[in-house]
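Student: Next up is a structure, given as structure tokens.
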Amino acid sequence: MTPEFISNKKKIFDLWAPSYDWLLPSVFYQTVHKRLLEYVDLPTTANVLDLGCGTGRLLARLADKFPELRGTGLDLSSQMLQVARQKNRHRPRLIYVEGKAESLPFADGQFHAVFNTISFLHYLEPQQVLNEVARVLSPHGRFYLVDTSLKSQAEIPLNLGSLGKVRLYSPQQRENLGVAAGLLCVSHHYLLGPVLLTIFAKPSLPNNES
Ligand SMILES: C[S@@+](CC[C@H](N)C(=O)[O-])C[C@H]1O[C@@H](n2cnc3c(N)ncnc32)[C@H](O)[C@@H]1O
């Protein structure tokens, strides 16, 4: 992974952070979070990770809905995390840490569920991220991947100007990335226009031992 790619993304999101919750796109993100919650199934005392948590809105929503849930938000952008920490009404149940999706600072099997909303398109090494998600999930754990999807089978790199380079994936490409990381695809659900939720599950034993 090129350090320059990551530091450019960090700069972009650091700049966006102070206005992130007030601009029009936040209406879009929050609608997506609301729709996502309709599909979330968690143990009562779940320990969850939100990868690319931004200002922490999804974790706050999860903590409201599941009163015993504990959650960690991880993000590249220190400014996004600053907003998330300032708004954290669920301390100490929710905590926020700085880090990269490609190398998670967590133990194997630590989380019952991992969430990732509108962040996957920014990754230069999507397979590495899926491998890390599979590593930190507990057996039977679930990965909720939400991002704009494409019908086409071709991975499409786009340059979104101020948002930098992004990549969109078809449902089949998501499934392939999941399988290569040892995750099973449970289902796909369109949440809003082309925004697709893919639910993955970690098998109880690695695929080659079951
Ligand atoms: C469009 S925001 C979405 C934030 C939040 N998930 C939401 O639904 O509102 C994308 C977030 O992903 C983070 N991000 C991008 N690339 C990342 C990476 N490689 N590792 C960790 N976070 C990353 C950005 O800093 C930004 O906060």
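Student: Can you find a residue in segment 108-117 that is at positive phi, at pLDDT 95 or above and more than 16 Å from the chain's Cα centre (by Cα)?
Tutor: Yes: one or more hits.
Student: Then there's this: Being within 18 Å of the chain's Cα centre (by Cα) and within 16 Å of the ligand (Cβ to nearest atom) is true for just one of A46, A60. Which residue is that?
Tutor: The conditions single out A60.
Student: Among the numbered criteria (1) farther than 22 Å from V136 by Cα; (2) without any contact (Cβ under 8 Å) to a residue 60 or more places away in the chain; (3) in contact with a Phe, Trp or Tyr (Cβ under 6 Å, 6 or more places away or on another chain), which single criterion is violated by G73?
Tutor: Single failed check for G73: (1).
Student: Conditions first: (1) surrounded by 18 or more Cβ atoms within 10 Å (Cβ to Cβ); (2) in contact (Cβ under 8 Å) with a residue 60 or more places away in the chain; (3) part of a strand (DSSP E or B); (4) touching a Lys or Arg at 6+ places or on another chain (Cβ under 9 Å). L145 passes all but one, so which condition is the exception?
Tutor: (2)
Student: Looking at segment 68-77, is at least one residue small (G, A, S) and over 24 Å from P105 (Cβ atoms)?
Tutor: no
Student: Something else now. What pairs come out if I take residues in segment 21-46 that are of a type in the set (F, W, Y) and pair them with residues that are in a helix (DSSP H, G or I) whose C-beta lies under 9 Å away, six or more apart or interchain?
Tutor: From residues that are of a type in the set (F, W, Y), the pairs are Y29/R57; Y29/L58.
Student: Within segment 1-23, work out how many residues are touching a Gly at 6+ places or on another chain (Cβ under 8 Å) and charged (D, E, K, R).
Tutor: So the count comes out to 1.
Student: Run down V48, V83 and say which single residue is modelled with pLDDT of 95 or more, under 24 Å from L130 (Cα atoms) and either touching a helix residue (DSSP H, G or I) at 6+ places or on another chain (Cβ under 6 Å) or not small (G, A, S) (or both).
Tutor: That would be V48, the only listed residue that is modelled with pLDDT of 95 or more, under 24 Å from L130 (Cα atoms) and either touching a helix residue (DSSP H, G or I) at 6+ places or on another chain (Cβ under 6 Å) or not small (G, A, S) (or both).
Student: Same structure again: Return only the number of the condition from (1) within 22 Å of Q86 (Cα to Cα); (2) within 12 Å of the ligand (Cβ to nearest atom) that L36 does not satisfy.
Tutor: (1)
The values are calculated or read from the model by the stated rules, or taken from the named source; none is laboratory data. Keep in mind that this is a model prediction, so the values were computed, not measured. Here Cβ is always computed from backbone atoms with ideal geometry, including for glycine, and neighbour counts include all displayed protein chains.
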